[in-house]
Each structure stands twice: as C-alpha cells, then as structure tokens.
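Asks: Quick one: the structure is below, questions incoming.
The values are calculated or read from the model by the stated rules, or taken from the named source; none is laboratory data. The structure displayed is predicted, hence computed values, not measured ones. We place every Cβ from the backbone using ideal geometry, glycine too, and count neighbours over all the protein chains shown.
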Amino acid sequence: MAGSRRDVDRKEKAPPAAAPQQQQPGREEEREWVPWIVPVIVTANVALFAVVMYANNCPAHARGGRGGRRCVGAGFLRRFAFQPLSQNPLLGPSSATLQKLGALVWDKVVHEHQGWRLVTCIWLHAGVVHLLANMLSLVLVGLRLEQQFGFVRVGVIYLVSGVGGSVMSSLFIKDNISVGASGALFGLLGAMLSELFTNWTIYTNKAAALVTLLFVIAVNLAIGILPHVDNFAHIGGFLTGFLLGFVLLMRPHYGWAQRYVLPSSVKDVGRKFLAYQWALLAVASVLVVVGLAVGMAMLFRGVNGNEHCQWCHYLSCVPTARWSCGK
C-alpha cells in the first residue's frame with residue numbers, strides 16, 4: 001500500500017545552486033521517521049517470553065510424575081524447556097504459568113478486580129509459534145507505519161487497540177485464558193484501512209490499494225474462526241484501531257501537499273485538511289471514547305456479551321465436521 005503513495009511523501013530535490021532565488025522558504029516537507037518503537041516492542045515481547053519460560057521451568061514442575069521426560073527440549077533447554085506437546089502444541093509454557101504472569105482471565109478481571117490483565121496479556125504469548133507469527137506481522141505492518149507517522153501515534157494505536165481487543169474478548173469469552181498481541185496488530189491493520197479512507201486524495205491506484213488491504217484483513221479475520229483462536233480480540237482491536245486511524249493518521253490533502261509544484265495560475269488550494277477529514281475525526285473520536293468506556297463498564301459489571309448477542313459466538317469459532325467449538 002505504501003508503494004502506491006504519490007511522491008508527495010518523499011523529500012524533493014533541492015533546486016540547482018545556480019538558481020537559489022527559486023527556493024520556497026516556507027516549504028514544508030514530509031518527515032520520514034526512523035522507526036524504533038516497533039523494534040522495542042518486538043524485543044520486549046521476546047524478552048518477556050524468555051522470562052515466562054524461565055518461570056515455567058517444565059522439568060522441575062514435571063519431575064517425579066509421568067510427564068517428567070516429556071518436556072520438549074529438556075536435554076538442552078533445561079528450565080526453558082517447553083511443555084509437552086499434548087498440553088501446548090505451540091511450544092510454550094503451561095496455562096497455569098500464563099495465568100500467574102498476567103494472562104487475560106475473565107473471573108480474575110471481574111471478581112478479583114485485576115483490570116491490569118487487560119494490558120499485561122498483550123505482552124504474553126502461548127508459544128514460540130504464536131510469538132513468531134505475531135512479531136513477523138508486527139514488523140511487516142508496524143515499521144512502515146512508524147516511518148510515516150512516528151512512534152507516538154503508532155505506539156498509541158498499538159496499546160489502545162490491544163486494550164480494546166482485551167475488553168471485547170472478556171465480554172464474550174469467560175472460560176478460557178487469552179494472551180497475545182493479535183488485538184494490537186489488528187488495530188494497526190484497522191488504522192491502515194482508515195488512513196487510506198481519510199487520506200484518499202493522496203493515493204494513486206486507490207482501488208488496488210483498497211482491495212489488497214481488504215483481502216489481507218479478510219483472510220486474517222477468517223483464520224480467527226478456527227478453534228482456539230480468540231477472534232473477539234482481533235475484532236475488538238481492529239475496530240479500535242480503525243477509529244483511531246481517523247483521529248491520529250490524518251494527512252494534508254493532495255492539493256495542499258502539491259501547492260508548490262502546481263501552476264502559478266492555481267492560487268487557492270483550500271485549507272490544509274478537507275471538511276470530510278475533520279468530520280471523520282470528530283465522529284471517530286466520539287465513537288472510540290464511548291465504545292471503550294461502555295465496554296469497560298459492561299465488563300466490570302460482569303455482563304455476558306453472549307446473552308445480548310445469540311449469534312456472536314460464531315464470530316470466533318464456526319463448528320464444522322472436522323472440529324467443534326467447545327467451551
């Protein structure tokens with residue numbers, strides 16, 4: 001998608017030295033940020049996974065029992081060995097360790113007032129497979145966004161979307177724990193989509209960019225209907241990021257960005273931002289604040305979202321002849 005953006009996103013070459021009088025002293029250039037928050041997030045997730053595996057210590061906890069020799073990689077990983085594949089096929093720790101270190105558990109959030117789990121669960125992963133998939137997605141999506149919009153806006157979208165995903169997950173899933181950065185990652189995808197809409201005028205090949213992005217989002221959401229995948233976190237994160245994109249990722253319209261290279265006969269390019277951009281920002285601001293406030297209020301009151309939406313459970317898992325969607 002980034003490749004379809006016009007050259008207005010790049011710094012233009014300086015005019016020849018022989019004609020310095022042609023320079024525009026008030027000219028504004030698009031800034032390309034050096035990404036660092038995304039690498040920091042990736043490093044933090046990897047480091048925390050190592051801490052979780054150290055605390056898990058499968059060989060010690062399984063010693064003396066039947067599972068003592070089934071810890072994966074115990075011979076060379078020692079206390080970092082993975083749980084038996086029958087317990088965790090993703091090559092990771094036990095669910096008890098994840099709960100102890102901050103996984104999202106509805107009962108603990110609602111009845112034990114551990115709201116901090118809405119944030120901590122974003123930084124935990126169920127296994128190496130889970131971790132690698134999420135971090136690869138974060139690098140592919142997050143680096144380019146951070147180059148274009150900076151660490152503050154990308155960091156806010158990532159964290160708030162993660163919380164939004166945790167809230168929706170808690171409203172609909174009460175019998176399983178949830179961990180992972182998927183909600184935050186879907187927030188970045190949602191922000192990319194709303195950024196395309198709000199900055200529509202500066203894109204070439206608009207249809208191709210839109211179709212490509214919608215295809216990627218649809219495929220990822222479709223994967224979420226498989227068993228043992230928390231698609232509610234994906235949806236909640238996506239909706240939160242989609243709204244935040246209108247608020248935080250607004251760019252000057254095409255005419256404003258090109259005002260220095262337009263013909264001299266074109267005097268008025270209008271305001272920096274168009275009316276529809278401000279309208280989208282205002283509506284999205286209200287919706288994201290109200291949505292998060294209402295969602296958290298419902299969560300801490302112990303509301304079960306499935307009681308108000310009888311079909312919503314199909315958004316996270318669709319039973320087929322090959323699998324069932326157990327509790």
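Quick grid of which residues meet (1) surrounded by fewer than 12 Cβ atoms within 10 Å (Cβ to Cβ); (2) within 25 Å of the chain's Cα centre (by Cα); (3) closer than 30 Å to H111 by Cα; (4) modelled with pLDDT of 90 or more:
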{"site": "L274", "(1), (2), (3), (4)": "no, no, no, no"}
{"site": "M298", "(1), (2), (3), (4)": "no, yes, yes, yes"}
{"site": "E307", "(1), (2), (3), (4)": "yes, no, yes, no"}
{"site": "S316", "(1), (2), (3), (4)": "no, yes, yes, no"}
{"site": "S324", "(1), (2), (3), (4)": "yes, no, yes, no"}
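The rows are residues; the columns are (1) touching an Asp or Glu at 6+ places or on another chain (Cβ under 7 Å); (2) surrounded by fewer than 16 Cβ atoms within 10 Å (Cβ to Cβ); (3) of a type in the set (A, V, I, L, M).
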residue: N199; (1), (2), (3): no, no, no
residue: K206; (1), (2), (3): no, yes, no
residue: F215; (1), (2), (3): no, yes, no
residue: N220; (1), (2), (3): no, no, no
residue: I225; (1), (2), (3): no, no, yes
residue: T240; (1), (2), (3): no, no, no
residue: L244; (1), (2), (3): no, no, yes
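Asks: Output the qualifying pairs, or none if there are none: Cβ atoms under 7 angstrom, residues six or more apart or on different chains, first residue in region 299-327 and farther than 15 Å from F232 by Cα, second residue at pLDDT below 80 and hydrophobic (A, V, I, L, M, F, W, C).
Replies: Within 7 Å, the pairs are P319/C325.
Asks: Would you pick out the residues in region 174-198 that are under 27 Å from I41 (Cα atoms) and assigned to a loop (DSSP other than H, G, I, E, B)?
Replies: N176, I177, V179, G180, A181
Asks: State all residues of region 202-244 that are in contact with a Lys or Arg (Cβ under 9 Å, 6 or more places away or on another chain) and either in a helix (DSSP H, G or I) or under 17 Å from G165 (Cβ atoms) (or both); if no residue qualifies, say none. First the steps, then the outcome.
Replies: Going residue by residue through region 202-244, those that are in contact with a Lys or Arg (Cβ under 9 Å, 6 or more places away or on another chain) are 202-204, 209, 244.
Result: I202, A209, L244.
Asks: Check V40 against each of (1) under 19 Å from L143 (Cα atoms); (2) loosely packed, with under 12 Cβ neighbours inside 10 Å; (3) at pLDDT 80 or above and name the one condition it does not meet.
Replies: Failing condition for V40: (2).
Asks: While we're on this one: Considering only residues of region 194-224 that are free of Cβ contacts under 8 Å to residues at least 24 places away in the same chain and aromatic (F, W, Y), which is farthest from A181 (Cα to Cα)?
Replies: Here the answer is W200.
Asks: Quick one: what pairs do we get from region 161-187, first residue touching a residue at least 12 places away in the same chain (Cβ under 8 Å), second surrounded by fewer than 24 Cβ atoms within 10 Å (Cβ to Cβ) and among the acidic types (D, E), C-beta under 8 Å, 6+ apart or different chains?
Replies: If the second residue must be surrounded by fewer than 24 Cβ atoms within 10 Å (Cβ to Cβ) and among the acidic types (D, E), the pairs left are K174/D107.
Asks: Name the residues in region 157-168 that are among the aliphatic types (A, V, I, L, M), farther than 14 Å from G291 by Cβ and crowded, with 22+ Cβ neighbours inside 10 Å, would you? Lay out the reasoning, then the answer.
Replies: Going residue by residue through region 157-168, those that are among the aliphatic types (A, V, I, L, M) are 157, 159-160, 163, 167-168.
Among the residues that remain, those that are also farther than 14 Å from G291 by Cβ are: 157, 159.
I157 - this is the single residue of region 157-168 that is among the aliphatic types (A, V, I, L, M), farther than 14 Å from G291 by Cβ and crowded, with 22+ Cβ neighbours inside 10 Å.
Asks: May I pose another question? With touching a residue at least 24 places away in the same chain (Cβ under 8 Å), surrounded by fewer than 23 Cβ atoms within 10 Å (Cβ to Cβ) and aliphatic (A, V, I, L, M) as the only criterion, which of V154, V129 stands out? First the steps, then the outcome.
Replies: Numbers: V154 fails: surrounded by fewer than 23 Cβ atoms within 10 Å (Cβ to Cβ).
Matching residue, one of V154, V129: V129.
Asks: How do the pairs read when you match residues in region 225-242 that are more than 15 Å from M192 (Cβ to Cβ) and in contact (Cβ under 8 Å) with a residue 60 or more places away in the chain with residues anywhere that are surrounded by fewer than 24 Cβ atoms within 10 Å (Cβ to Cβ) and of a type in the set (K, R), using Cβ under 9 Å and keeping only pairs 6 or more apart or on different chains?
Replies: Matching pairs, first to second residue: none at all.
Asks: Which residues, counting only those in region 73-89, are among the hydrophobic types (A, V, I, L, M, F, W, C), crowded, with 18+ Cβ neighbours inside 10 Å and not in a helix (DSSP H, G or I)?
Replies: A81, F82
Asks: To continue, here is another question. Can you tell me which residues in region 169-187 are surrounded by fewer than 24 Cβ atoms within 10 Å (Cβ to Cβ) and either of a type in the set (A, V, I, L, M, F, W, C) or under 13 Å from N304 (Cβ atoms) (or both)?
Replies: L171, F172, I173, K174, D175, I177
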